[in-house]
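Taken together, the values in this text are just the output of simple stated rules run on the coordinates, not laboratory data. Because the structure is predicted, anything quoted here is derived from the model rather than measured. No Cβ is skipped: glycine too gets one built from the backbone with ideal geometry, and neighbour counts run over all protein chains shown.
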Amino acid sequence: MQEILAHIRQLGLLDPTDHEVFQRRTLAPRLSQLRGKVGAFLDNRKQNADRLLERIAARLIAECGIDRAEHQAKFIYSRVAEPAIIEQLAGRCDFVIIAIGD
Amino acid sequence: MTPDDLSDVIELLFASGWTDGLPVVPPTPRNVERMLAHTKRPPDELIGRIPPRGGRATVEKIAINAVMAGCKPEYFPVVVAAVAALLDDRCNTRGVQCSTHISSPLVIVNGPLVKALGINAGHNVFGQGWRANATIGRAVKLILVNLGGATPGVTDKATFGHPGKYTYCIAENEAANPWEPLHVERGFAPTDSTVTVFAAEAPHNINNHWSYAPRDLLRTIADCMATLGSNHMYLGGESFVVLGPEHAALLAAAGWTKAEVRAFLFEHARRPLAQLRIGGMYGPETRRNLWPRWIDHEHDSEMVPLARRPEDIVILVAGGAGRHSVYLPGWGARSVTRKIDDV
């Protein structure tokens, strides 16, 4: 892909994307292990998201030794979580699991 | 450059991932400068960040995508206004971009620019054949992908999508509209040109060839609106009824105003609770959050409206001759109308 983009630049064509922003926004680094960590479980209010997250949290506690689970819920699935919720979870937790698609 | 050289450039652009699956016009500096000559805005002006990945929609980036879409330079102010509109929080474009739902932003143009730019409002209004419709709509879609980063299956989780994700742009048929056009209804002057952006499903045809009583025609329309699979039955939000000119003329000739048409549809586009309980999106959130408090969940015969209030049914007139109208369900968000002020 880099070769293709370089060739396009050589031809003098302009870029319709925003690579700079896309490159900055990457996945958060993955944890190497979960033992002793605190997990955030963010319910997006879709049907059964809460039940799914409770079961995942229980298994992570029992099988992976996470220290504890903090559960929160968004107001509605079609909007990003309120900044206060994100701040709270980011301050207290080591990873977050979000559910659910549909 | 020979035509074969141009074909090679088109293939290269396919390989770049910058297209919608169709060939694009090479975004040369010359083409982009010609596009930028049709705006007073500076190239580095930021119109906004396109969700979900937040790419910066500067005037220049919008121009690059408009060139690729095949826009004539004089279409550019429409494209810029459409991008500004879809960034309004009421459109919830972030949600629309990522959802499993089928909807995609539709651009509706009103005012003198419709004729000046040759935007189709008549026969085949949702179909092919007009460069303005095809390329203005396509420019908006390329921006959503190239700057928004809406990649199918990755960030764009649409189960199906629809052909409007290639291009989705119409004009209102103001000449055939017996009432005030959409932009005037929304407070703009008739001489203003505007864009309205609305995340819409593909058009659902409503066939009524034989009713001459307005109520019979409107009952047909209401029935096509209130379906068990409709997002609106569970989530509310705006939806659009696009009356064909013949249907609009029938209603107006019988003395119905647009407000009366809307009121009738609000009252009749309903389904009984017993039917809605079987699925769709009925669940605990429906009671907690999504339905108005005045809906009685204790009685299966309660008639649940598609719209939470009459104003959520937006009425347009478009299309050509023929006794059809169209229903455009949305995603649950709102439409936004903006003046095209850069002409």
Approximate shape of region B:104-156 as ellipsoid semi-axes (Cα gyration tensor, √5λ), whole Å, largest first: 26, 11, 9
Options B:Asn65, A:Gly91, B:Trp331, ranked by Cα towards positive dipole end of the protein assembly as shown, top entry (Cβ charges): A:Gly91
Label-to-label distance, nm, for residues given as A:Asp15 and B:Val25 (7 Å Cα→Cβ offset): 2.3
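Among A:Ile61, B:Ile170, rank each residue by its count of other Cβ atoms within 10 Å, from fewest to most, as a rough exposure measure. Before the final figure, lay out the partial values.
On the way: A:Ile61 15, B:Ile170 26.
Fewest-to-most Cβ neighbours within 10 Å comes out as A:Ile61, B:Ile170.
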Region B:1-143, Rg to Rh (Cα coordinates; Rh as Kirkwood inverse mean 1/r): 0.96
Residues of type lysines that B:Lys40 reaches as a straight line, Cα spacing below 27 Å, ignoring anything fewer than 8 places off in the same chain: B:Lys61, B:Lys72, B:Lys115, B:Lys141, B:Lys339
Added length on full extension, which subtracts the Cα-Cα distance from 0.36 nm per residue, B:Gln275 to B:Leu228: 16.2 nm
Trypsin sites (Lys or Arg not before Pro) lying in DSSP loop within region A:1-100, provided at most 14 other Cβ fall within 10 Å: A:Arg25, A:Arg30, A:Arg35, A:Arg79
Where GluC sites (Glu not before Pro) fall in DSSP loop in region B:1-96, at most 15 other Cβ within 10 Å: B:Glu45
Calculated FRET efficiency for the pair B:Thr2/A:Leu27, C-beta based, R₀ 41 Å, to 0.05: 0.40
Debye intensity ratio in log₁₀ form over the Cα atoms of region A:28-99, taken at each q of 0.16, 0.26, 0.28 Å⁻¹: -0.54, -1.21, -1.30
Spin-label pair A:Arg59/B:Glu33, simplified geometry with 7 Å Cα→Cβ offset, distance in nm: 6.1
Footprinting exposure proxy for B:Tyr282, B:Tyr212, B:Tyr327 (fewest neighbouring C-beta atoms within 10 Å first): B:Tyr212, B:Tyr282, B:Tyr327
Charge dipole magnitude, Cβ of K and R +1, D and E -1 - region A:1-44, Cα centre, debye nearest 20: 380
Within chain B: Cβ-based charge dipole about Cα centre, in debye rounded to nearest 20 (Lys, Arg +1; Asp, Glu -1): 400
Alpha carbon convex hull of the protein assembly as shown, projected area averaged over orientations, nm²: 24.7
For region A:28-99, size of Cβ-based charge dipole, Lys and Arg +1, Asp and Glu -1, in debye: 180
Full-extension gain in nm, B:Ala259 to B:Ala189, via 0.36 nm per residue minus C-alpha separation: 23.3 nm
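Please state, rounded to one decimal and in Å, the Kirkwood hydrodynamic radius that region B:152-245 gives when every pair of distinct Cα atoms enters the mean of 1/r.
Every distinct Cα pair counted, the radius reaches 16.2 Å.
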For chain B, fraction of C-alpha pairs farther apart than 26 Å, in %: 50
Loop-located chymotrypsin sites (Phe, Trp or Tyr not before Pro) in region B:96-194 whose Cβ has at most 14 other Cβ within 10 Å (DSSP): B:Phe160
Signed unit charges on C-beta, dipole axis of the protein assembly as shown, positive-most listed residue B:Thr194, A:Gly65, B:Val109: A:Gly65
Net charge of Cβ neighbours under 11 Å - reference B:Asn177; Lys, Arg +1; Asp, Glu -1: -3
Selection from B:Ala84, B:Ala37, A:Ser32 lying farthest towards where the dipole of the protein assembly as shown points positive, charges on Cβ: A:Ser32
Derived scalar couplings ³J(HN,Hα) [region B:34-46; Karplus, 6.51 cos²θ - 1.76 cosθ + 1.60; whole Hz; x for Gly, Pro]: 5, 5, 5, 5, 9, 9, 8, 6, x, x, 8, 5, 8
Ranked B:Leu144, B:Leu228, A:Leu13, A:Leu52, criterion: other C-beta atoms within 10 Å, fewest first: B:Leu228, A:Leu52, A:Leu13, B:Leu144
